[in-house]
Amino acid sequence: MKFTSLITSALSFKAKYLIILFILCLQLTSVFAQELPNREFRGVWVATVSNLDWPQQGASAETQKTALRTLFDKIKEANLNVVFLQVRTECDAFYNSGKEPWSRFLTGQQGVNPGYDPLAFAIEEAHKRGLELHAWINPFRVNSSTSSSIVYASNHVSKAKPEWLLSFSTGKKILNPGIPEVRNYIASVVQEIAENYAVDGIHFDDYFYPYPENNFTGITTEDSQTYSQFGTGFTSIGDWRRHNINETIRLANEAVKNARPTARFGVSPFGIWKNGTPTGITGMDAYSAIYADALNWLENQYVDYLSPQLYWAIGGSQDYRKLLEWWSDKAYTSSRHLYAGHALYKTTYSEQEVPNQINITRQNRHKNALGDVLYRATNLKDNALNIHTLLQNTTYKYPAAPPAMNWKNGTPPAAPQALTAAINETTGDIEFTWQRNPANSDTHKRYVLYTSATPPTSIAEIQDGSVRALEVAESFTMAAADVPPNASYWVVTELNAGNLESELSNVATVGNVASIRNIARESVLKVYPNPATRVVYLDLKLKRNSLVKVELVAIDGKVRGRAVQKRYEAGNHTITINRDKLPAGIYALVINIDRQRVTKRVVLK
């Protein structure tokens, strides 16, 4: 395969092409593209309870691994950037825990080693794709099923600490939030995960005190004895219950901060805080039914973000727009992020419902509504309501980097170096390559490739809709169909685990791509040997009389040698480029033919 490097400097017109920066070109930006945020949280929940999304219970380790890779590929295809993987469903573990047994949803039997570490594997596979992996935890649930046939392991909390349990008429059991030792235990589970695994976050779902369901109206007197023992100072059992949940959230947040400072901690509460709030919203509320006061967590900054489950359509008495705007106001006031939760399983939705909801989220970016989370992965994978197609082609047409949190400490990485680009003369595909700055060492590195209509000097100058790649490797290939015909400027940055971003790499442009392709067709160029030790030869096959200028340029942009500047007749020609005393390294062989430029990457050993 033949590649022709395209290297031109942003200052080429004034500096007579002496500063050659290794970079490339691309993309026209439509009006719609300009509206796509460069920074946006795009998450999806991967539910493991009852094997809803993954894994296949009892399947081999390799089968489970293959299925997760396939699922992550589909998530990446839709340009999402965050996975919430459920790793604790009923006081069990999808990871190697010293506290809780292996989940039965892995092998069919609780406490049985699945033969691999699912969380470690998931982190590795997510990070390979540039995806964040947040460990999703159900904090209190003890049993997700009331079947008497389920055998719990000897170290399951139901057997090891039965005095910690609250039992209900439905057969469901939870850890008793009113017992301080229970709250500390949950925090220790969080700490175990954050200390031992390179998770990007810890995530709690909406299960606190039990939801009303069917003939069960919710918790009544089941915890009255606990209230008598630990409720001193509270005038109502409701306030005490909310305090218990608040304390659990506070302790979990502290555990995350202490164990892994770059990791984020957040919760996805039920979408209605209180019945009647905001005005016009009616329905069951988390504050009174399950004693979850999410505003308390925001106001006390116990969370880095909330992802309220706004599983209703736009309009009506549970209006998505009203709820989103209300939640974003509260997040903004508390200087925290909001990522709206969306229901992909609603068969009553139109195809445009969720994309329209995401657009409403974007309209509230100025109030910290900085992204969205989709429930759930199977619906996305199966393209329910055409959602995968719509995201990939329209709503999430271009990648985005997750937003950084300015209250998180950390040092941004150093900027990437030596950005280069090459065009495949046969296919027209573009290949970008760059080098990681040797000052950087973060294992979860990602690169953001931007395009710009003018040469940017800082991130602030780059308009929304400019991201074209979010990659882990130091390279990216763009399909010919996506390559713009006109000149454009390109830069790359690096993100660390906390999503802090480096300064820009070198900036460069390429001329009209069509012109470069024409010259590649007209003049069959060959450079050999490459790599070379002493002499490099350039073969030209000119179809017409042409003015040829050939220069060897170092990575610092300085011309290190001029092989020729003369007019050649049509036909075959071989030009010799002597290395002389040039040191080993990467150089650009810049070939100008009748004012059209082609650049070849040359390695001197």
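Numbers at a glance
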item: For segment 207-320: rounded, prolate or oblate by the Cα gyration tensor [a/c cutoff 1.5]; result: oblate
item: Modelled label reach - Ala479, point 7 Å along Cα→Cβ, segment 374-402 residues with backbone N closer than 12 Å; result: 393
item: Under 16 Å from the Ser147 label point (7 Å along Cα→beta-carbon), backbone N, segment 75-99; result: 90
item: C-alpha long axis of helix 353-363 to longest principal axis of the chain, angle in °; result: 80 degrees
item: Extent along principal axes [Cα atoms of segment 523-604; Å; largest to smallest]; result: 35, 22, 17
item: Packing rank of 216-222, 321-327, where each peptide gets the mean count of other beta carbons within 10 Å, highest leading; result: 321-327, 216-222
item: 17 Å Cα-Cα reach of Lys322 towards aspartates and glutamates, excluding residues that sit fewer than 8 places from it in its own chain; result: Asp285, Glu353, Asp372
item: Contour minus Cα-Cα distance for Gln56 and Gln109 (0.36 nm per residue); result: 17.8 nm
item: Between helix 180-196 and the chain: long-axis angle, C-alpha atoms, 0 to 90°, nearest 10; result: 20 degrees
item: Pairwise Cα inverse-distance average, inverted: Kirkwood Rh of segment 41-395 (Å); result: 20.7 Å
item: Cα gyration tensor category, rounded, prolate or oblate, for segment 423-480 with a/c compared to 1.5; result: oblate
item: Over 29 Å between alpha carbons, listed pairs Lys526/Lys581; Lys445/Lys526; Lys330/Lys408; Lys381/Lys445; Lys526/Lys566; Lys65/Lys172; result: Lys445/Lys526; Lys65/Lys172
item: Theoretical ellipticity at 222 nm over the chain - DSSP helices of four or more residues, -39500 (n - 2.57) apiece, nearest 500; result: -7000 deg cm²/dmol
item: Proximal aspartates and glutamates to Lys541, defined as alpha-carbon separation beneath 20 angstrom and excluding residues fewer than eight positions away on the same chain; result: Glu425, Glu522, Glu551, Glu569, Asp594
item: Tilt relative to the chain, helix 320-333 - C-alpha long axis, 0 to 90 degrees, to 10; result: 80 degrees
item: Order by protection proxy (mean Cβ within 10 Å, highest first), peptides 286-297, 81-92, 170-181; result: 81-92, 286-297, 170-181
item: Beta bridges per DSSP with both ends in the chain, % antiparallel, nearest 5; result: 65 percent
item: Percent RCO, i.e. relative contact order, over segment 41-395, from Cα pairs under 8 Å lying at least 6 residues apart; result: 16 percent
item: FRET efficiency, Lys408 to Ser228 (Cβ-Cβ, R0 45 Å, nearest 0.05); result: 0.65
item: Gain on full stretching of the segment that runs from Gln417 to Lys541 - 0.36 nm per residue minus C-alpha separation; result: 41.2 nm
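Bear in mind that the values in this text are calculations on the coordinates, not laboratory data. Only a predicted model underlies this, so the values are computations on that prediction, with no experimental measurement involved. Quick reminder, even Gly has a Cβ in these numbers, built from the backbone with ideal geometry, and neighbours come from all protein chains shown.
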